[in-house]
Amino acid sequence: MKKILPFILAALFIISACGTNENSTGTADSIAAPGEESSPTHESAVETGSRLEVHEEALNGLEVTVWTPWYGVESSFFDTLVNEFNAENEWGIKVAAQNQVNFSNLYETVTASLPKTEKPDLVIALPEHAQEWHDNGAVTDLTEYVTDPLYGMDTNDISFVFWNQDISGDARIGIPAQRTAQFLLWNEGWADELGFSSAPNAAEDFREQACKAHQSMLKDESTQNDSLGGWLVNSDPMTAYSWMRAFGGGVLEEGNYRFLAPKNVEAFKFLRELSEANCAWQEAPDPITSFVNREALFITASLSDLPSVARAFASAGNTNTWSVIPFPNNDDGVMTVYGSSYVILNSTDEEQLAAWLFVRWLLEEEQDARWVEATHLFPLRSSTLSLLGDYEKTHPHWKQAVDLLPQGELQPQLASWRTVKIMLGDGFRHMYRVNVASGQVAAILAQMELMAKDLSE
């Protein structure tokens with residue numbers, strides 16, 4: 001990364017005029033959410049000096065400690081990026097990465113470190129974790145870093161659903177690191193045999209196809225598959241939340257938790273009625289195998305599952321076409337986007353800037369594209385797609401998921417979501433474990449609401 005002479009940088013600012021913008025969002029049709037608009041730039045186009053009041057010389061030799069939640073491929077690849085940045089960055093910054101195994105352990109160790117001097121400068125954490133640390137005054141507001149004339153970054157090609165998850169009031173408490181989502185996978189080939197030429201875009205369409213798939217199981221000589229077909233139930237919190245959103249519900253009302261709401265009752269009743277009609281089933285040893293073997297017309301999966309599904313179809317010699325679809329909502333569908341963020345903890349001005357420059361480098365298109373190829377998750381920039389042409393060709397289902405980003409929605413932006421989402425998954429799972437009658441789902445939602453309010457106090 002070469003230094004840019006001031007007069008060249010000034011010319012670039014004059015040409016681009018709107019290079020850096022904290023409130024701007026994605027602009028590419030394939031990745032940006034509808035209705036997004038860019039805001040005016042905050043500073044004059046000719047301003048080129050930094051407002052951060054850090055002398056560049058102070059960055060030379062400065063060490064930044066970053067704690068990560070990863071293991072395996074992600075951890076190894078991140079170490080590769082760290083080594084590249086250390087060798088190539090123009091400021092002489094040195095980054096040292098420490099693996100904290102998983103998000104839960106990272107949350108605990110970071111929280112314990114906050115009162116101490118020996119704490120990380122940068123953390124890859126879940127947004128709800130960052131919300132709690134921000135509430136405790138431990139997180140750096142990155143607004144002035146993003147908008148800085150010299151050290152800032154252009155955010156115009158980052159989708160709203162990625163960029164705005166890390167907002168708390170007027171503060172930017174993180175920058176997206178990785179983003180994924182839960183989807184429905186639909187066996188298009190099997191559906192065509194059942195008489196359906198298009199994916200369901202409404203709950204009733206979903207019910208019709210699921211029930212038709214189950215009924216087809218009753219027509220063969222085997223009795224072992226008579227309870228199969230339809231949707232294979234998934235009790236992940238994001239699945240429950242996505243179904244609630246598909247019916248126009250959710251977990252918040254005027255900033256407070258509200259589970260016992262008519263739309264949520266409608267969603268849970270619909271799902272339980274599917275099970276009561278044997279159009280949904282549960283407890284498969286391996287959902288992907290069940291999907292490949294045509295035991296389920298629909299399963300739920302995340303972005304990182306898609307390569308495994310493709311390999312399973314190929315290994316089984318199953319030539320059925322399958323597709324990635326959103327949760328049906330009588331419109332374009334719904335999906336909930338989630339993932340980790342780069343969070344800079346309060347330290348010295350020099351260490352904060354050094355950590356920011358590393359984050360900014362990680363968000364460049366080249367690194368973003370390599371992250372996609374390593375993890376199969378969403379590209380964080382729409383401009384990154386220009387570097388992923390070959391990847392798109394070999395991963396067509398990933399491209400289907402990327403094309404659904406305009407339907408993406410945020411998670412609740414509350415620190416308490418850390419525990420409330422676990423409770424949501426537990427309650428949803430309990431509803432199936434004890435076979436709650438469809439007419440009694442309001443009682444489950446009422447209990448969830450009480451527990452959510454307790455957890456948020």
* Asked: Considering only residues of region 434-457 that are within 29 Å of Ala199 (Cα to Cα), of a type outside the set (A, V, I, L, M, F, W, C) and not in a loop (DSSP other than H, G, I, E, B), which is nearest to the chain's Cα centre (by Cα)?
  -> Ser438
* To do: Would you be able to say whether some residue in region 378-385 is farther than 29 Å from Tyr151 by Cβ, within 14 Å of the chain's Cα centre (by Cα) and outside the structural domain of Met448 (by TED's automatic domain parsing)?
  => no
* Give region 65-104 a look and list any residue that's part of a strand (DSSP E or B) and either among the hydroxyl-bearing types (Ser, Thr, Tyr) or touching a Ser or Thr at 6+ places or on another chain (Cβ under 9 Å) (or both), or say none. => Thr65, Trp67, Thr68, Val95, Ala96, Ala97, Gln98, Asn99
* Determine if region 336-348 includes at least one residue that is free of Cβ contacts under 8 Å to residues at least 40 places away in the same chain, buried (at least 16 other Cβ atoms within 10 Å of the Cβ) and either in contact with a Cys (Cβ under 6 Å, 6 or more places away or on another chain) or not β-branched (Val, Ile, Thr) (or both). => no
* Take the residues in region 441-457 that are surrounded by 15 or more Cβ atoms within 10 Å (Cβ to Cβ) and without any contact (Cβ under 8 Å) to a residue 60 or more places away in the chain, then tell me which one is nearest to Ala246 (Cα to Cα). => Gln447
* Give Ala246, Ala280, Ala240, Ala310 a once-over and let me know the one that is surrounded by fewer than 20 Cβ atoms within 10 Å (Cβ to Cβ) and in the same structural domain as Asn187 (by TED's automatic domain parsing). => Ala310
* To do: State whether one or more residues within region 297-305 are in a loop (DSSP other than H, G, I, E, B) and not assigned by TED's automatic domain parsing to the domain that holds His376.
  => yes
* Can you name the residue in region 153-182 that is without any contact (Cβ under 8 Å) to a residue 60 or more places away in the chain and not acidic (Asp, Glu) and is also surrounded by the fewest Cβ atoms within 10 Å (Cβ to Cβ) among such residues? -> Gly169
* Does Thr41 fit the bill of being modelled with pLDDT of 95 or more, among the β-branched types (Val, Ile, Thr) and either outside the structural domain of Val420 (by TED's automatic domain parsing) or not in a loop (DSSP other than H, G, I, E, B) (or both)? -> no
* **Top-ranked residue in region 368-385 [being of a type outside the set (A, V, I, L, M) and outside any helix (DSSP H, G or I); ranked as nearest to Ile158 (Cα to Cα)]** => Arg381
* To do: Read through the list (1) touching a helix residue (DSSP H, G or I) at 6+ places or on another chain (Cβ under 9 Å); (2) of a type outside the set (Ser, Thr, Tyr); (3) over 30 Å from Arg370 (Cα atoms), then give the number of the only condition that Asp220 fails.
  => (1)
* Evaluate region 56-68: report whether one residue or more is acidic (Asp, Glu), surrounded by 13 or more Cβ atoms within 10 Å (Cβ to Cβ) and in contact (Cβ under 8 Å) with a residue 24 or more places away in the chain. => yes
* Asked: How many residues does region 320-330 contain that are more than 13 Å from Leu185 (Cβ to Cβ) and either among the hydrophobic types (A, V, I, L, M, F, W, C) or at pLDDT 95 or above (or both)?
  -> 2
* Gly72 in the same structural domain as Thr375 (by TED's automatic domain parsing), on the phi > 0 side of the Ramachandran plot and at pLDDT 95 or above -> no
* To do: Please work out which one of (1) out of contact with any strand residue (DSSP E or B) (no Cβ under 8 Å at 6 or more places or on another chain); (2) assigned to a helix (DSSP H, G or I); (3) more than 23 Å from Asn435 (Cβ to Cβ) is the condition Phe270 fails and give its number.
  => (3)
* Asked: If you take the residues in region 183-211 that are under 30 Å from His129 (Cβ atoms) and touching a helix residue (DSSP H, G or I) at 6+ places or on another chain (Cβ under 7 Å), which one is surrounded by the most Cβ atoms within 10 Å (Cβ to Cβ)?
  -> Phe183
* Does region 213-265 hold any residues that are acidic (Asp, Glu), on the phi < 0 side of the Ramachandran plot and under 26 Å from the mean Cα position of the chain (by Cα), and which are they? -> Asp236, Glu253
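The values are calculated or read from the model by the stated rules, or taken from the named source; none is laboratory data. Note that this is a predicted model, so its numbers are computed, not measured. For neighbour counting, all protein chains shown are included, and Cβ atoms are generated from backbone atoms with ideal geometry for every residue, glycine included.
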